[in-house]
1. Kindly indicate whether any position in the stretch 59-75 is surrounded by 15 or more Cβ atoms within 10 Å (Cβ to Cβ), under 19 Å from residue 146 (Cα atoms), in contact with a helix residue (DSSP H, G or I) (Cβ under 9 Å, 6 or more places away or on another chain) and touching a residue at least 60 places away in the same chain (Cβ under 8 Å).
2. May I ask you to list the residues in the stretch 76-103 that are in contact with a helix residue (DSSP H, G or I) (Cβ under 8 Å, 6 or more places away or on another chain), surrounded by fewer than 20 Cβ atoms within 10 Å (Cβ to Cβ) and over 22 Å from residue 45 (Cβ atoms)?
3. Please indicate, with yes or no, whether at least one residue in the stretch 110-120 is over 17 Å from residue 59 (Cα atoms), touching a strand residue (DSSP E or B) at 6+ places or on another chain (Cβ under 7 Å) and part of a helix (DSSP H, G or I).
4. List the strands (runs of 3 or more DSSP E) inside the stretch 121-205, counting only whole elements, that have at least 2 residues being in contact (Cβ under 8 Å) with a residue 12 or more places away in the chain and either out of contact with any helix residue (DSSP H, G or I) (no Cβ under 7 Å at 6 or more places or on another chain) or surrounded by fewer than 20 Cβ atoms within 10 Å (Cβ to Cβ) (or both).
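We did not get these values from a lab; they are worked out from the coordinates using the rules stated. From a predicted model like this one, the values you see are computed outputs, not experimental measurements. Please note: Cβ atoms are built from the backbone with ideal geometry, for glycine as well, and neighbour counts cover all protein chains shown.
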């Protein structure tokens with residue numbers, strides 16, 4: 001399902017003060033932080049990397065990577081989340097308010113990250129992102145994605161009620177996303193963290 005940008009912006013503006021502290025569902029928040037750590041580790045960064053963090057939120061991924069790379073650009077639709085991202089951020093971080101479905105141009109881009117944001121897009125929008133990434137990244141450049149990707153159908157998993165508001169997005173099949181990435185010129189590897197949470201690392205061929 002398509003989710004309007006203003007709906008997402010209002011939602012994240014409202015929860016920005018508590019987003020990192022626990023929000024509505026503590027267990028889901030714990031997994032979100034775990035996914036953040038895995039995204040940062042799997043990025044396998046280099047000092048010369050230029051990173052675009054899609055849906056950067058409060059900047060957890062961007063600020064973690066920034067001391068170890070040349071430049072990080074974080075884009076998000078929530079002004080209040082970006083306000084929190086700016087607090088104590090390294091000088092090589094840049095924050096852009098906008099729609100991650102229309103990413104800003106970043107010179108020298110080598111790495112694209114996105115953690116807990118792609119579930120807000122439908123499959124058509126995701127395929128648009130894959131095509132854009134394939135055109136934008138150099139050979140060897142990477143997409144590192146952490147999200148509510150299911151390896152087991154969500155209706156077969158207990159204890160996840162409230163993790164995803166149907167009005168704000170949908171679960172995607174990890175295996176189908178891997179196939180799509182490979183069809184768009186990437187070599188993709190899945191790391192399963194939980195039956196409905198995974199990390200995909202995709203290298204542009």
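1. no
2. 79, 80, 83, 84, 97, 99, 101 - these are the residues of the stretch 76-103 that are in contact with a helix residue (DSSP H, G or I) (Cβ under 8 Å, 6 or more places away or on another chain), surrounded by fewer than 20 Cβ atoms within 10 Å (Cβ to Cβ) and over 22 Å from residue 45 (Cβ atoms).
3. Taking every residue of the stretch 110-120 in turn, at least one turns out to be over 17 Å from residue 59 (Cα atoms), touching a strand residue (DSSP E or B) at 6+ places or on another chain (Cβ under 7 Å) and part of a helix (DSSP H, G or I).
4. In the stretch 121-205, 186-194 are the strands (runs of 3 or more DSSP E) which contain 2 or more residues that are in contact (Cβ under 8 Å) with a residue 12 or more places away in the chain and either out of contact with any helix residue (DSSP H, G or I) (no Cβ under 7 Å at 6 or more places or on another chain) or surrounded by fewer than 20 Cβ atoms within 10 Å (Cβ to Cβ) (or both).
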